[in-house]
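Please read through the structure below; I'll follow up with questions.
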């Protein structure tokens, strides 16, 4: 798994500053081309809507020039020796980022997202959510990069690969194997088995069925690993997928979570439907493919 053309959207926030060392490390590791992009979004009132009696004075060209100046300064300060390309465009970032990624042939988008403390489960961030939905290439993102509970390395020394038991999981395991071969990272495979509500566990929890689910999942994962030629550690936990993955990340002190992106309706196979929850809950960046 190699990246040669990285797109890094920059919004001038502290989150973007915190993400820069991770972007720099990856660009240097792969010798990748790097494009920094900022987007000037025009408020709707500037278009002179009928219900708005006074339209604020605007100077779009000046805004674009100021944004380009700030982005150029940020590039020189954060990426010495890399000489990234600078792109400043007018429009909605959620729409423009996937479009720009396609137009420049980016094979990776790297962007932080909002971390909202105890309210973080309520909103991933509309821009990030749209990019995750529309982008055709892998997306790296992190919600808590500024407030991690341990030191996360940009070198991806420890990787948690969140998998289900569908054939799609084999592709993720193969990507994890490629990553391990390229970077020397250690990999842990994590799978979640559904658990009943806590209040009902003692009365209704069928432990034999739980054991059956875990053994079946392990056999399926072992078969995938055998076919690929991998032998990663496998951890299977009870609970919803984001919670199980987040707990494993903290225990392993992982630098990266590798996860799928999209929708899978199959029973015990809907890992990718939990992607937003994984990004919100885990303490390290997530690479979704």
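Against the conditions (1) outside any loop (DSSP other than H, G, I, E, B); (2) more than 29 Å from residue 99 (Cα to Cα), where does residue 178 fall short? Just the number, please.
Checking residue 178 against (1) outside any loop (DSSP other than H, G, I, E, B); (2) more than 29 Å from residue 99 (Cα to Cα), the one that fails is (2).
What do you reckon, is residue 84 modelled with pLDDT of 80 or more, out of contact with any strand residue (DSSP E or B) (no Cβ under 7 Å at 6 or more places or on another chain) and surrounded by 20 or more Cβ atoms within 10 Å (Cβ to Cβ)?
On the way: modelled with pLDDT of 80 or more: yes; out of contact with any strand residue (DSSP E or B) (no Cβ under 7 Å at 6 or more places or on another chain): no; surrounded by 20 or more Cβ atoms within 10 Å (Cβ to Cβ): yes.
No, not satisfied.
Going by what's in this entry, would residue 254 be described as crowded, with 16+ Cβ neighbours inside 10 Å, touching a helix residue (DSSP H, G or I) at 6+ places or on another chain (Cβ under 8 Å) and modelled with pLDDT of 95 or more?
Against the criterion (crowded, with 16+ Cβ neighbours inside 10 Å, touching a helix residue (DSSP H, G or I) at 6+ places or on another chain (Cβ under 8 Å) and modelled with pLDDT of 95 or more), residue 254 qualifies.
Pick from the range 8-19 the residues that are assigned to a helix (DSSP H, G or I) and touching a strand residue (DSSP E or B) at 6+ places or on another chain (Cβ under 8 Å): which of them is farthest from residue 98 (Cα to Cα)?
18
Oh, and also: Across the range 16-29, what is the number of residues that are out of contact with any helix residue (DSSP H, G or I) (no Cβ under 9 Å at 6 or more places or on another chain) and under 16 Å from residue 104 (Cβ atoms)?
The total comes to 1.
Ok, one more. Would you point out which residue out of 107, 99 is touching a strand residue (DSSP E or B) at 6+ places or on another chain (Cβ under 6 Å) and modelled with pLDDT of 90 or more?
None of the others qualify; the one that does is 107.
Yes or no, residue by residue, for (1) at pLDDT 90 or above; (2) over 17 Å from the mean Cα position of the chain (by Cα); (3) assigned by TED's automatic domain parsing to the domain that holds residue 230:
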| site | (1), (2), (3) |
| --- | --- |
| 134 | yes, no, no |
| 139 | yes, no, no |
| 155 | no, no, yes |
| 158 | yes, no, yes |
| 162 | yes, no, yes |
| 170 | yes, yes, yes |
| 174 | yes, yes, yes |
| 177 | yes, yes, yes |
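The values are calculated or read from the model by the stated rules, or taken from the named source; none is laboratory data. Everything quoted here is computed from the prediction, not taken from an experiment. For neighbour counting, all protein chains shown are included, and Cβ atoms are generated from backbone atoms with ideal geometry for every residue, glycine included.
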